[in-house]
Amino acid sequence: MICVENLSKTFTLHNQGSAVIRVMENANFTVAAGECVALSGNSGAGKSTLMRMIYGNYLAASGRIMVGDVDVASAEPREILDLRRNTLGYVSQFLRVVPRVATLDVVAEPLRAVGVDQDAAYARARDLLGRLNIPETLWGLSPTTFSGGEQQRVNIARGFAHTYPALLLDEPTASLDATNRETVLSLIEEAKAGGAAIIGIFHDAPARDRVADREIDVSAFTPKRAA
Amino acid sequence: MTPLLSVQNVAKYYGARVGCEGVNFDLYPGEVMGIVGESGSGKSTLLNCLAGHLAPDAGKVLFDTRANGMQDTVTMSEPERRMLGRTDWAFVHQNARDGLRMSVSAGGNVGERLMAVGARNYGDIREQAIDWLGRVEIATDRIDDRPRQFSGGMQQRLQIARNLVTGPRLVFMDEPTGGLDVSVQARLLDLLRGLVREMGLSAIIVTHDLAVVRLLADRLMVMKSGQVVETGLTDQVLDDPQHAYTQLLVSSVLQV
Amino acid sequence: MSDPAYNFAYLDEQTKRMIRRAILKGIAIPGYQVPFASREMPMPYGWGTGGVQVSAACLVPEDTMKVIDQGADDTTNAVSIRKFFENTAGVATTEKTREATVIQTRHRIPEEPLTEDQILVYQVPIPEPLRFLEPRETETRKMHALEEYGLMHVKLYEDIAQHGNIATAYAYPVQVEGRYVMDPSPIPKFDNPKLEMAAIQLFGAGREQRIYAIPPYSKVVSLDFEDYPFEASKADHPCDLCGAEHTYLDEVIIDDAGGRMFVCSDTDYCGERQADGHRGRLSPKLEAAQ
């Protein structure tokens with residue numbers, strides 16, 4: 001489902017003496033449908049960078065990133081938007097809060113975007129918010145004012161609302177209590193069972209061991225420093 | 001899929017000075033594109049060329065018309081272009097005074113485009129005006145008040161209602177939130193976002209406010225000295241800018 | 001006879017030709033405002049200089065002229081313009097609508113239906129019907145050229161929104177022959193239906209330097225909304241002098257106690273009816289001898 005070939009990434013800092021920082025070289029791996037792969041490596045090894053490149057948020061310097069039949073590295077913006085809408089989900093660590101939109105709508109939005117009718121979208125959103133223990137009294141409010149933990153759970157609910165064939169998870173269980181952590185893990189397992197190809201960053205080792213089928217060590221893609 | 005708007009090599013010169021030059025892009029139905037750049041970068045010149053307010057010195061601006069498919073709006077006759085301007089196109093000015101009739105009531109402002117395309121039933125016009133005032137969150141008992149009596153944010157929302165009432169397919173916006181308080185901006189942006197989604201509008205938004213494009217635009221075009229220096233997915237351009245100027249622009253934004 | 005110090009009808013022949021060309025163009029394009037080089041006239045703007053120039057260009061020595069102001073032949077403005085043409089053109093004048101060949105008017109159309117042998121000349125203060133909402137002449141010209149008349153209905157919309165009905169009672173906009181929207185000059189809207197007539201109608205605006213025309217039997221439609229149709233309204237009274245129920249009336253205050261009477265604004269028409277024996281509420285008592 002996800003296939004990364006010869007991927008490399010550089011940052012050119014034009015305003016700092018045009019320094020070119022090579023952060024990734026020759027990344028090659030595939031993730032099949034129904035498989036969950038954990039990215040590992042030290043902090044700074046490029047796990048988040050890789051994830052962002054797959055999502056199209058960072059621009060690849062060279063190589064291919066196939067998600068389904070779209071090459072994210074060379075696709076037009078609208079193709080990537082379409083991919084994000086239908087195929088590729090992303091649960092980041094932080095909710096990008098949209099002002100004045102009710103929590104229930106925030107969660108239902110990805111479903112509405114792919115044409116699910118309002119009742120069905122709300123039903124799914126209610127179910128997810130309930131499972132993630134967001135009190136029902138908050139559903140009509142904007143998450144702007146919620147605590148950090150509540151915002152993260154809203155974000156997870158939103159990320160899992162639509163059953164994407166491919167899913168990127170950036171520390172989905174960080175700072176969750178035991179009950180909610182358990183819920184998130186079972187959501188991941190359900191997505192896997194549903195055939196989703198999942199790439200995740202898990203600092204929570206027991207969680208990683210439970211859901212991940214294998215690990216990819218990102219430091220293998222770190223360019224060797226010139227001597 | 002055919003693009004709604006196809007811009008090919010558009011250029012506009014002010015004497016020896018470049019207004020904008022070599023601009024190319026396709027805009028597809030439902031897409032929202034932001035154009036950012038500092039004052040004098042040519043973004044407003046470009047917008048005015050696209051909207052038919054300025055005649056470009058070179059290039060084509062093809063629009064997918066309902067009747068005849070792709071037509072070059074630069075060479076089409078003025079009546080046709082003006083007809084587009086009050087049916088399929090909308091233009092939201094930075095200054096509401098430029099986009100509203102200040103001596104005509106809110107209802108009359110919203111109704112004008114309807115009457116311009118032949119609506120002749122007062123009750124229907126009034127009903128649609130009331131509906132639209134509601135959608136842009138203006139109390140319907142203000143329908144007979146003149147825009148002078150409105151706050152800046154209300155005037156801007158009224159301008160949006162006046163523009164969208166005929167169900168346009170392409171909306172041009174020139175700094176739609178410029179000159180408004182931050183809280184008023186947020187409300188306006190949220191409203192625009194909702195309307196764009198709900199109506200499936202395509203839009204081109206010129207602004208120097210990166211937060212505005214992050215919230216509204218799918219795609220981004222960065223301009224400097226009349227040239228397009230970078231284009232791409234909005235979050236990609238903002239989070240991983242490639243061109244020196246874009247990097248400077250992004251790094252110059254104050255973090256809140 | 002006319003005063004030999006003046007050319008016939010005051011204006012020199014070249015000027016009259018220039019005005020006639022504008023008139024012909026106006027007739028060829030019904031409702032279209034033709035620019036013309038308006039001359040200084042020996043009367044102030046606002047006193048009918050546009051109408052006087054158009055009349056002067058139309059007159060021939062055999063014409064009989066009638067001048068009315070608000071329907072009356074005996075008001076200052078009407079009298080002085082009539083005298084003007086008596087002096088400068090030496091044409092016959094009359095107060096009888098039926099006898100006139102050229103009628104210059106301010107703010108009324110005579111009640112008596114006009115014929116193909118007559119010309120009705122209007123004095124126009126502001127010829128541009130779009131002016132109230134669009135101050136730019138360049139823009140209003142473009143709107144006429146492109147037939148963008150939505151704004152005219154905005155004005156009527158505002159009327160209904162503010163007054164509950166179309167409160168415009170005079171200078172009520174019309175569309176001529178399905179094309180140009182035109183200001184019929186400040187005639188009461190009661191007169192609008194009469195704009196479809198057998199006579200040639202010419203409109204002259206001296207200060208604004210515009211001439212426009214409605215050819216005989218042109219289709220003239222008063223703008224309105226489906227649910228607020230145009231109504232040619234008048235005061236709901238019969239004439240207190242001749243008893244007519246179908247004429248446009250002036251309201252006249254007759255004493256300090258607020259007493260009032262309604263009389264036909266068309267003095268000639270009212271006089272003829274009285275001569276025919278029609279009587280109203282306040283008519284002088286019939287003399288016993290009759």
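The values are calculated or read from the model by the stated rules, or taken from the named source; none is laboratory data. Predicted, not measured: the structure shown is a model, and the values here were computed from it. Cβ: placed from backbone, ideal geometry, glycine included. Neighbour counts: every protein chain shown. Each accessible area value is taken on the protein alone, full model and side chains, heavy atoms only, with ligands, DNA and RNA left out. Shrake-Rupley method; radii C 1.70, N 1.55, O 1.52, S 1.80 Å.
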³J(HN,Hα), Karplus 6.51/-1.76/1.60, whole Hz, each residue of the range A:199-209, x for Gly, Pro: 10, x, 10, 10, 7, 7, 4, x, 5, 4, 4
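Under the Kirkwood approximation applied to all pairs of distinct alpha-carbon atoms, what is the hydrodynamic radius of the range B:118-256 in Å?
16.8 Å
Could you tell me the calculated FRET efficiency between A:E76 and C:K25, based on Cβ-Cβ distance and R0 = 45 angstrom, to the nearest 0.05? Can you show the working numbers first?
Working: r = 57 Å, r/R0 = 1.26.
Given R0 = 45 Å and the Cβ-Cβ separation, E is 0.20.
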Output row B,A: buried area (accessible, probe 1.4 Å, summed both chains) in Å², nearest hundred, equals 1900 Å²
Diffusion coefficient in µm²/s returned for the range C:41-192 by Stokes-Einstein, Kirkwood Rh over C-alpha pairs, 37 °C and 0.692 mPa s, is 194 µm²/s
Which of A:A161, A:A197, A:V23, positive extreme of dipole for chain A (C-beta unit charges): A:V23
Taking amide hydrogens as modeled 1.01 Å from N in the peptide plane, which residues meet the under 5 Å criterion relative to C:I119, leaving out close sequence neighbours? C:V102, C:I103
Report the local net charge at B:D240: Lys and Arg +1, Asp and Glu -1, summed over other residues whose C-beta lies under 15 Å from its C-beta. +2
Over the Cα atoms of the range A:126-177, each weighted equally, I'd like the Debye log10 I(q)/I(0) at q = 0.22 Å⁻¹, rounded to two decimals. -0.86
Over the whole of A:72-83, what's the average partner chain Cβ count within 10 Å per residue? Rounded to a whole number, please. 4
From zero outward in steps of 5 Å, how is the percent of C-alpha pairs of the range C:185-290 spread across the bins? 2, 10, 15, 16, 15, 15, 11, 8, 5, 2, 1, 0
Comparing each residue of the range B:227-256 in the complete protein assembly with the chain by itself (heavy atoms, probe 1.4 Å, ligands and nucleic acids ignored), those losing at least 30 Å² of accessible area are B:L233, B:D235, B:Q236, B:D239, B:D240, B:Q242, B:A244, B:Q247
On a straight-distance basis, which lysines could pair with C:K16 in a cross-link, Cα separation under 26 angstrom, same-chain partners fewer than 8 positions away excluded? C:K25, C:K66, C:K83
How big is the C-B contact in terms of buried accessible area, both chains counted, 1.4 Å probe, rounded to the nearest 100 Å²? 1900 Å²
Pop out the carbon and sulfur fraction of the accessible area of the range C:234-281 as a percent, whole number, probe 1.4 Å. 47 percent
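Two decimals is fine: what's Rg over Rh for the range B:1-110, C-alpha atoms, Kirkwood radius as Rh?
0.99
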Any idea how far the Cα center of the range C:1-33 sits from the one of the range C:191-256, in Å? 26 Å
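When the convex hull of the Cα atoms of the range C:234-281 is projected onto a plane and the area is averaged over all directions, what value comes out in nm²?
Averaging across all directions leaves 3.2 nm² for the Cα convex hull.
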In whole angstrom, note down how far apart the Cα centers of the range C:148-190 and the range B:166-210 are. 35 Å
Simple label model, 7 Å out from Cα along Cβ direction - B:V253 to A:A123, nm: 3.9 nm
Averaging over every viewing direction, what projected area does the convex hull of the Cα atoms of the protein assembly as shown cover, in nm²? 45.6 nm²
What list of ³J(HN,Hα) values in whole Hz, one per residue of the range A:149-155 in order, does the Karplus curve 6.51 cos²θ - 1.76 cosθ + 1.60 (θ = phi - 60°) give from phi, with Gly and Pro shown as x? x, 5, 4, 5, 5, 4, 4
Rounded to the nearest Å, what's the spacing between the alpha carbon centres of the range A:39-100 and the range C:98-135? Just the number, please. 74 Å
Long-range HN-HN contacts of B:V229 with modeled amide H, under 5 Å: B:V222, B:M223, B:K224
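Using a Förster distance of 56 Å, how high is the FRET efficiency between B:D98 and A:N28, based on the Cβ-Cβ distance and rounded to 0.05?
0.50
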If you bin the C-alpha pair distances of chain C every 10 Å from 0, what whole percents do you get? 6, 27, 33, 23, 10, 2, 0
Tell me, what % of the accessible area of the range A:148-194 is carbon and sulfur with a 1.4 angstrom probe? 48 percent
Rounded tilt (10° steps) of A:118-131 against the dominant C-alpha axis of chain A: 80 degrees
Would you work out if the range B:46-181 is rounded, prolate or oblate? Take a ≥ b ≥ c from the square roots of the eigenvalues of the alpha-carbon gyration tensor; rounded if a/c is under 1.5, else prolate when a/b is larger than b/c, oblate otherwise. oblate
Net charge dipole size for the protein assembly as shown [Lys, Arg +1 and Asp, Glu -1 on Cβ; Debye, nearest 20]: 1980 debye
Sticking to Cα atoms, compute the Rg of the range C:104-202 to one decimal and its Dmax as the biggest Cα-Cα distance, whole number, in Å. 14.4, 43
Provide the per residue accessible area, probe 1.4 Å, for the range C:234-281, rounded to a whole number of square angstrom. 55 Å²
Taking only the Cα atoms of the range A:71-162, how large is their convex hull per residue, in Å³? 97 Å³
If R₀ is 41 angstrom, what is the calculated FRET efficiency for the pair C:T76 and C:R136, using the beta carbon separation as r and rounding to 0.05? 0.70
Excluding B:N121 itself, what net charge comes from residues whose Cβ is under 14 Å from its Cβ, given Lys and Arg +1 and Asp and Glu -1? -3
Probe of 1.4 angstrom, ligands and nucleic acids ignored: what's the accessible area per residue over chain A, in square angstrom? 45 Å²
Give me the compactness ratio for chain A, meaning the Cα radius of gyration over 2.2 N^0.38 Å. 1.04
proj_area_mean for chain B (convex hull on C-alpha atoms), units nm², value 14.2 nm²
At q = 0.13, 0.15 1/Å the base-10 log of I(q)/I(0) from the Debye formula over the alpha-carbon atoms of the range C:1-50 is -0.39, -0.51
Taking N as the number of residues in the range C:1-85, what is its Cα Rg relative to 2.2 N^0.38 Å? 1.12
Order by protection proxy (mean Cβ within 10 Å, highest first), peptides B:60-73, B:83-96, C:28-41, C:179-192: C:179-192, B:83-96, C:28-41, B:60-73
Long-range HN-HN contacts of B:R169 with modeled amide H, under 5 Å: B:W89
Order these peptides, B:163-172, C:126-135, A:118-127, by their mean beta-carbon neighbour count within 10 angstrom, highest first. B:163-172, C:126-135, A:118-127
